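Notes for the one structure printed next.
The values are calculated or read from the model by the stated rules, or taken from the named source; none is laboratory data. Because the structure is a prediction, the values reported are computed rather than measured. Virtual Cβ from ideal backbone geometry, glycine too; neighbours counted across all protein chains shown. Accessible surface areas use protein heavy atoms only, side chains included; no ligands, DNA or RNA. Shrake-Rupley method; radii C 1.70, N 1.55, O 1.52, S 1.80 Å.
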Amino acid sequence: MAGRWINKLTHADVTPEAAFLNRRQIIAGAAGLGLGTMISPAMAQEAGDLTPNTWEEITQYNNYYEFGTGKEDPAKYADQLTIAPWTVKIDGLVDRPGDYAFDEIMSQMTVEERIYRFRCVEAWSMVVPWNGFELADLLALAGVQEGGKYVAFETLHRPEEMPGARYPVLDWPYVEGLRLDEALHPLTIMATGIYGRDIPIQNGAPLRLVVPWKYGFKSIKSVVRITVTDDEPPTSWNKANASEYGFYSNVNPTVDHPRWTQASERPIGGGLFAKRQPTLMFNGYETEVAALYEGMDLKANF
Amino acid sequence: MTLVDRFNAAARSVPTAPVYALAVLPGVWFFYLGLTGGLGVEPIKALEHKLGELALQFLVAGLAVTPLRRQLGVNLLKFRRMLGLVAFFYVVAHLLVWLVLDVQLLGQIWADILKRPYITVGMVGFLLLVPLALTSNNWSVRKLGPTWRKLHKLTYGAVLLGALHYVMLVKGFQIEPLMYLATILALLALRVRIPLRKAAA
């Protein structure tokens with residue numbers, strides 16, 4: 001809708017799976033020779049190859065604590081949730097605050113495919129072929145006002161349809177936030193589909209945020225409210241444990257989580273003997289997003 | 001014969017060897033499931049957690065033997081060594097999955113043990129179990145005499161550290177690890193004997 005360049009490549013245009021596997025074996029061999037820590041940029045690019053995970057992997061292994069803390073709980077209990085009708089309340093420092101019906105939003109957005117790396121703070125990763133639109137376009141719909149500096153997000157809280165939300169695992173509803181420039185960055189999308197199909201509930205239907213250079217928990221699911229603020233909004237995991245989860249939560253192999261290393265990750269789909277691979281700075285999107293954090297101490301602002 | 005007497009008689013007639021085989025079967029089964037896709041798309045963590053949980057369950061079972069006998073007259077003393085050794089088997093299996101399949105890098109393993117408190121706690125718990133496993137034979141029991149009983153009180157520390165390890169590793173407020181911890185604390189509390197003389201005075 002913004003009249004920008006639109007990606008027309010789809011997952012079908014990416015390296016065929018068989019060819020990719022061959023290449024991965026070569027990389028694994030190189031890592032075995034002790035080259036793992038001095039990987040060249042070109043090899044790092046290879047290690048972060050963008051062959052999407054399978055539909056099953058993406059939809060059967062989820063962190064969505066409103067449905068339970070087990071990885072398979074979201075897929076198991078997802079059908080208990082009704083997602084139609086759905087409205088997103090957009091408020092705060094915007095020109096046109098209000099309840100935006102999901103269908104109304106979709107009628108004005110241009111959906112495109114984005115194949116992104118997805119890195120969980122728990123040190124596993126996937127590649128997901130999302131379908132969605134840029135968050136900037138949605139925010140333009142509401143019109144961000146002059147003083148807006150941050151964007152706050154909220155997930156649906158409906159314990160009667162979300163069994164995990166009946167337990168105080170986190171302070172419900174789940175909330176997240178971005179700085180306005182992060183929210184307006186062209187890589188930041190609201191995803192409404194995967195592999196060209198409607199996004200399943202366990203992955204955050206009907207629409208969820210995807211910020212590919214941040215740990216997965218920043219990419220808040222099943223969004224019901226978006227608020228433009230002038231103050232840094234509270235975020236759920238930061239509220240639960242401030243020493244472990246910061247506001248920024250950019251993927252950064254040099255800043256460890258207090259309980260585990262972030263230097264490497266395990267790609268999902270490699271089975272019982274899956275090899276770890278080095279984690280890339282900003283999850284491989286350094287060229288695109290490093291400028292957002294120029295001059296910032298990323299160890300202090302983790 | 002009361003129900004308890006009948007249970008005890010039945011337990012006496014059960015040989016321990018096949019019980020060992022049965023007790024390690026879940027571990028073997030989960031490994032098989034991990035190999036064949038039965039543990040989901042990320043079988044490494046799944047297997048690691050299953051084995052850790054089994055270890056904790058057998059440790060709790062071992063801890064329950066004495067209170068069961070004292071409070072209810074149910075005698076499973078014959079199986080206590082088996083419960084302890086099988087628990088140790090699962091702790092070692094859990095540790096191996098973590099070392100070989102999960103962390104993979106030797107340097108990283110050492111860093112994790114020193115730097116990550118939940119891993120340090122788990123590791124200390126494992127080390128406490130090593131002398132117990134090594135002395136869980138008749139010869140050691142005879143040789144060590146009263147020292148053996150004292151030595152094997154290390155179980156209490158090991159089980160507590162095991163539960164603590166679990167409590168410390170989960171994200172957010174989760175109930176299951178706390179239930180293990182509460183159960184273990186209750187089983188330990190049942191062992192605290194109020195001195196009789198004080199009660200009489």
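For the stretch B:1-126, with the dipole built from +1 on Lys and Arg beta-carbon atoms and -1 on Asp and Glu ones, taken about the Cα centre, which of B:TYR20, B:GLY122, B:VAL100 lies farthest toward the positive end?
Positive-end residue among those listed: B:TYR20.
Most fluctuating residue of B:PHE31, B:PHE173, B:PHE88 in a GNM of chain B with Cα springs under 10 Å: which is it?
In this elastic network of chain B, the residue with the biggest mean-square fluctuation among B:PHE31, B:PHE173, B:PHE88 is B:PHE173.
Angle, helix B:175-189 long axis vs. longest principal axis of chain B, Cα atoms, 0 to 90°, nearest 10?
Between the helix axis and the principal axis of chain B, the angle is about 30 degrees.
Could you state, as a whole-number percent, how many of the C-alpha pairs of the stretch B:3-200 are farther apart than 28 Å?
Tail fraction, whole percent: 33.
Which whole number gives the average, over all residues in A:161-168, of C-beta atoms from other chains lying within 10 Å of the residue C-beta?
1
Mind putting a number on the dipole of the stretch B:3-200 about its Cα centre? Charges go on the C-beta only, +1 for Lys and Arg and -1 for Asp and Glu, and I need it in Debye to the nearest 20.
Computed about the Cα centre, the dipole is about 1280 debye.
Considering only B:LYS45, B:LYS153, B:LYS171, give the residue with the highest GNM mean-square fluctuation for chain B, with springs between Cα atoms whenever their separation is below 10 Å.
Among B:LYS45, B:LYS153, B:LYS171, the largest mean-square fluctuation in the Gaussian network model of chain B belongs to B:LYS171.
How big is the A/B interface in buried accessible area, both sides summed, 1.4 Å probe, to the nearest 100 Å²?
Buried area (both sides, nearest 100 Å²): 2300 Å².
Just checking the output field for A:265-274: average partner chain Cβ neighbours within 10 Å of each residue's Cβ?
Rounded to a whole number, the mean comes out at 5.
Quick one: P(r) of the stretch B:58-170 from all Cα-Cα pairs, 10 Å bins, percents rounded to integers, in order of increasing distance.
Per 10 Å bin, starting at 0, the Cα pair percentages come out as 13, 40, 31, 14, 3, 0.
Once the Cα atoms of the protein assembly as shown are picked out, what are the Rg and Dmax in Å?
26.6, 90
Would you mind putting A:246-253, A:77-84, A:153-160 in packing order, based on average other-beta-carbon counts within 10 Å, highest first?
With the highest mean Cβ count within 10 Å placed first, the list reads A:246-253, A:153-160, A:77-84.
Please report, as a whole percent, how much of the solvent-accessible surface of the protein assembly as shown comes from carbon and sulfur atoms (probe radius 1.4 Å).
The computed percentage sits at 63.
Over the whole of B:162-174, what's the average partner chain Cβ count within 10 Å per residue? Rounded to a whole number, please.
Across the residues of B:162-174, the mean count of other-chain Cβ atoms within 10 Å is 3.
Please name which of A:SER264, B:ASN75, B:ALA189 has its Cα lying farthest along the dipole of the protein assembly as shown towards the positive end, using unit charges on Cβ (Lys, Arg +1; Asp, Glu -1) and the Cα centre as origin.
Of the candidates, B:ASN75 comes out farthest on the positive side.
Relative to the Cα centre, what is the charge dipole magnitude of the protein assembly as shown, using +1 at the beta carbon of each Lys and Arg, -1 at the beta carbon of each Asp and Glu, and rounding to the nearest 20 debye?
4120
Which order do the peptides A:196-209, A:137-150 take when ranked by the mean count of other beta-carbon atoms within 10 Å per residue, highest first?
In descending order of packing, they fall as A:196-209, A:137-150.
For chain B, what is the relative contact order in percent, using Cα pairs closer than 8 Å and at least 6 residues apart in sequence?
19
Using Cα centres only, tell me the gap between the stretch B:74-94 and the stretch A:154-231 in whole Å.
45
With point charges of +1 on the Cβ of Lys and Arg and -1 on the Cβ of Asp and Glu, referenced to the Cα centre of the stretch A:159-246, which listed residue (A:ALA240, A:ILE194, A:VAL210) lies farthest in the positive direction of the dipole?
So the residue we want is A:ILE194.
Given springs between every Cα pair under 10 Å in a Gaussian network model of chain B, which of B:PRO15, B:PRO131, B:PRO146 has the largest fluctuation?
Result for chain B, Cα springs under 10 Å: B:PRO146 fluctuates most.
Could you size up the charge dipole of the stretch A:247-302 around its Cα centre, putting +1 on the beta carbon of Lys and Arg and -1 on that of Asp and Glu, and report it in debye to the nearest 20?
Using only the charged Cβ atoms, the result is roughly 380 debye.
How many angstrom separate the Cα center of the stretch B:127-175 from the Cα center of the stretch A:261-302?
That distance is 39 Å.
Restricting things to alpha carbons, find the Rg to Rh ratio for the stretch A:17-292 using the Kirkwood radius for Rh.
A ratio of 0.96.
For a test of understanding, tell me how many lysine pairs in the stretch B:3-200 have Cα atoms under 29 Å apart, given they are 8 or more places apart or on different chains.
14
Can you tell me the accessible area per residue over the stretch B:27-129, all protein chains present, probe 1.4 angstrom, in square angstrom?
Value returned for the stretch B:27-129: 45 Å² of accessible area per residue.
Which value in deg cm²/dmol, rounded to the nearest 500, describes the helix-derived mean residue ellipticity at 222 nm for the protein assembly as shown, given -39,500 (n - 2.57) per DSSP H run of n ≥ 4 and division by the residue count?
When only DSSP H runs of four or more count, the value is -12500 deg cm²/dmol.
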